[in-house]
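Worksheet: one structure, shown below.
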Amino acid sequence: MKSGINDTPTWQAWLKELGPTTRIGVDPSVVSQNEAGSLGKALAEVKARELVPIKENLVDLIWTDRPARPAQPIFQLHDEFAGDSVSHKLSNLRDKLTRAGSPGIVVTALDEVAWLFNLRGSDIPYNPVFFAYAIVTQHDATLFANPESVPQEVRDYLHANNVVVLEYSQVWQSLGSWRELLTENRAKADAAKAAAEASAENGVAEEPTKKVAPAEPKAADDKPEAPKEKVAKTDKVLIGTNASWAVGNALGTEFEVRRSYVTDAKARKNATEIEGFRQCHIRDGAALVRYFAWLEDVLGKGEKWTEFDVATQLENFRKEGKNFKGLSFDTISSTGANAAVIHYSPSETDSAVVDINQIYLCDSGGQYLDGTTDTTRTLHFGTPTAEEKRSFTRVLQGHIALDTFVFPTGTTGYTLDAAARRPLWADGLDYRHGTGHGVGHFLNVHEGPQGIGPRAAYLDVALAEGMVVSNEPGYYEDGKYGIRIESVVAVRNAQTPNNFGGKGFLEFENFTVVPIQTKLIDQSLITPDERKWINAYHEDVLAKVQPELEAYGDERALAWLKRETVAI
C-alpha cells in the first residue's frame, strides 16, 4: 500500500483495524520519534493496544547474505569551500544550547553531521554524506562513524578541533550512559530543591542574595551588540524532528524534539558558500550548453540516441568541469510522453529514443566542491505545436513572477507559491509538485527546512537571507509532453524605496545560467516586463558562459549559445 494514494488508509487507521492484535512490533531505528508518538496515541484509543520497539529487525535475522554497509572514505571540506570553521560552528551551536538551558544535542541527519564538521563522504549515491551520528554538549563533541571510513588525516583534523571519534554503534551506549547521568543529576536537583523548600517552611533563613555590581558604561563609540535570536528554554537533550524512535528510547524521558539548530544554521549560506554557488553554476551551465548543442547536432543528423545514453553524455561533459565530484541526482532525461512523468528516470534497459519532433525535458545536477546544482530546461529540436508553446509560456511566466518577487522579511514559501502558479491558473492549468525546495552546499540537492509550495510545513519556516531554493514551476499533459523550467536562486536583501514597519525586504538572486529556449515562447502572451527579463537573463548567460566555452574551444557550443541568447 502506498501512502498518500486514494483509498490507502493511514498507518494509524490500518493498525487500529487489526482485529484482536494488542502488541505491534516496530524496528525503532526506521521510524521517527514523532511518528512513533502519533502512532502510539492512535493505538491508545484501542483498548490494550500498544506499539512495541523490537531489539532486532526480523528481516535482518534471516537476511544472511545482506551486503555490507558502505564504508567509503570520509574527507575534509576545507574552509576555502566551507567558509566557516568547525570550531566556530560548534561555538555557535553551544551558545544556543546555553541560552536554551539544554545539556546537549544529538545530531542524526547525515547532511547535518557532514555540515557541522566540514566533512563529506560518498556512502549514499548522489549525496556527499556518510553514515554517522554526533553528540554535542557544552564541553565536548563526539562523532560516531565507521572506523574504516575515517582516514588518519581526518582523525587528526577532528582531534585538533576537540572532536572525539568513536565507532558508529557506540552511539547507543553513549546515549544510555548520558541518560543515566542526566537522570541522576535531575534526582539530585529535585532533592536539593525539596530540602530548600522544607528549610524555608521550618523558618530556616536562606543566605542573602549577593549583590551584583552594575556593568561599566560603554564607551561612546562602542557598537551595540546585535540582538540574539530567541531560543525556547528546555532542560532536556535536543533531538531533531526526524530523529529515530531508537534515539528517543535510548534517552528515556531526557529529550525534547525540536527542529534542529544545525539544520537552521546550515540553511543560511555564508558569503563563501554563496560565491561557490555562483561559480559552480557557471561551470555547470557551460556543461549543459555543450550538451544541448551536441544533442541538437546529433538529432539533426538523424542519429538515434536513447534517453539513457544522452544522459551519460551529459555526465561526461560535467566531468570535465573543475571541482566536479559527481551527479546530485539521477538525471531525468525524458522525451515526449515520458516528460509528463514528473520523476521519470530512464534506465539502460528501458529507455526511449529521443524524438526530434517531441518536447525533451532534462532535469539534472552536479555536485561540486563549491556547490550543488539542479537545473531543468525544456527544449524542442523540431517544430513545437501552438499548445506546447502556450503551456511553455505560462510556465515561464510563473518562473519569472517568482524570480522577480520582492517580499517582506518573515514571508514563507507557502505564501509565495501562488505567484508561480497564477499564470498557469489563468489557463486552468496547474502542477502536482512544489515550486521550490532547499538546496544544500555540496550536500543534499533537496534540503530543508525551507521550500516553496502548498505543503503546510512551509508555513512554519520563513525565507531568510542566505537560504538557497529552486524555482521550478511546470505543466504536464499526460501521455503527450511535460514542461518544467528550474533554476536555483538565493534569498538576499532587497533595496526598496521604503521599508514599511522597519522589517526589511527580500528578493532572489539567480545562480543558474542556461538559456531558456525562446523558440517555445508564445510572444503574444508575454508582457513588456517579461520580455525585458528574458533578454536581460540571456545577456547574463552569454556573458558568464561564453568564456568557459572559449576555454574548452567548443565552437559548436559557442554558436549554439549565441543563437539561443539572441534578444526577442
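The values are calculated or read from the model by the stated rules, or taken from the named source; none is laboratory data. The structure presented is a predicted model; accordingly, all values stated were derived computationally and were not measured. Neighbour counts are summed over all protein chains in view; Cβ atoms, including those assigned to glycine, are modelled from backbone coordinates with ideal geometry.
Quick look at the numbers
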| read-out | value |
| --- | --- |
| Matching residues, segment 39-48, being surrounded by 14 or more Cβ atoms within 10 Å (Cβ to Cβ) and either among the acidic types (Asp, Glu) or part of a helix (DSSP H, G or I) (or both) | 39, 40, 42, 43 |
| In segment 436-447, residue surrounded by the fewest Cβ atoms within 10 Å (Cβ to Cβ) [restricted to those that are of a type outside the set (D, E, K, R) and over 20 Å from residue 418 (Cα atoms)] | 446 |
| Residue that is farthest from residue 461 (Cα to Cα) [pool: residues in segment 265-285 that are among the hydrophobic types (A, V, I, L, M, F, W, C) and out of contact with any Lys or Arg (no Cβ under 9 Å at 6 or more places or on another chain)] | 271 |
| Entirely in segment 69-138, the helices (runs of 4 or more DSSP H) that have 3 or more residues that are within 18 Å of the chain's Cα centre (by Cα) and either small (Gly, Ala, Ser) or closer than 17 Å to residue 168 by Cα (or both) | 110-116 |
| Those residues of segment 1-15 which are surrounded by 11 or more Cβ atoms within 10 Å (Cβ to Cβ) and either touching a Leu at 6+ places or on another chain (Cβ under 7 Å) or in a loop (DSSP other than H, G, I, E, B) (or both), in sequence order | 8, 9, 10, 11, 12, 15 |
| Counted residues, segment 505-532 - those being closer than 18 Å to residue 287 by Cβ and hydrophobic (A, V, I, L, M, F, W, C) | 4 |
| Selected residue (only one of 303, 273 is under 18 Å from the mean Cα position of the chain (by Cα) and of a type in the set (Asp, Glu)) | 273 |
| Single unsatisfied condition, residue 447 versus (1) over 14 Å from the mean Cα position of the chain (by Cα); (2) modelled with pLDDT of 95 or more; (3) of a type in the set (Asp, Glu) | (1) |
| Given (1) touching a residue at least 40 places away in the same chain (Cβ under 8 Å); (2) on the phi > 0 side of the Ramachandran plot, index of the condition residue 90 fails | (2) |
| Complete set of residues in segment 142-173 that are assigned to a helix (DSSP H, G or I) and aliphatic (A, V, I, L, M) | 154, 158, 160, 171 |
| Leading residue by the ranking (nearest to residue 284 (Cα to Cα)) among those in segment 310-320 that are in contact (Cβ under 8 Å) with a residue 40 or more places away in the chain and surrounded by 16 or more Cβ atoms within 10 Å (Cβ to Cβ) | 318 |
| Within segment 556-568, tally of residues that are out of contact with any Ser or Thr (no Cβ under 9 Å at 6 or more places or on another chain) and closer than 15 Å to residue 291 by Cβ | 6 |
| Evaluation of residue 535 against (1) within 21 Å of residue 287 (Cβ to Cβ); (2) without any contact (Cβ under 8 Å) to a residue 60 or more places away in the chain (one fails), failing number | (1) |
| Failed item in (1) closer than 30 Å to residue 20 by Cβ; (2) in contact with a Phe, Trp or Tyr (Cβ under 9 Å, 6 or more places away or on another chain), with residue 82 passing the rest | (1) |
| Residue list for segment 238-284, restricted to those being in contact with a His (Cβ under 8 Å, 6 or more places away or on another chain) and not charged (D, E, K, R) | 276, 277 |
| Condition broken by residue 136, with the remaining ones in (1) closer than 22 Å to residue 238 by Cα; (2) surrounded by fewer than 20 Cβ atoms within 10 Å (Cβ to Cβ) satisfied | (2) |
| Residues being acidic (Asp, Glu) and either closer than 24 Å to residue 359 by Cα or surrounded by 20 or more Cβ atoms within 10 Å (Cβ to Cβ) (or both) - total across segment 517-553 | 3 |
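Every residue, every condition in (1) without any contact (Cβ under 8 Å) to a residue 24 or more places away in the chain; (2) more than 20 Å from residue 541 (Cα to Cα); (3) surrounded by 17 or more Cβ atoms within 10 Å (Cβ to Cβ), yes or no:
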| position | (1), (2), (3) |
| --- | --- |
| 457 | yes, yes, no |
| 460 | no, yes, no |
| 473 | no, yes, yes |
| 496 | no, yes, no |
| 504 | no, yes, no |
| 512 | no, no, yes |
| 515 | no, no, yes |
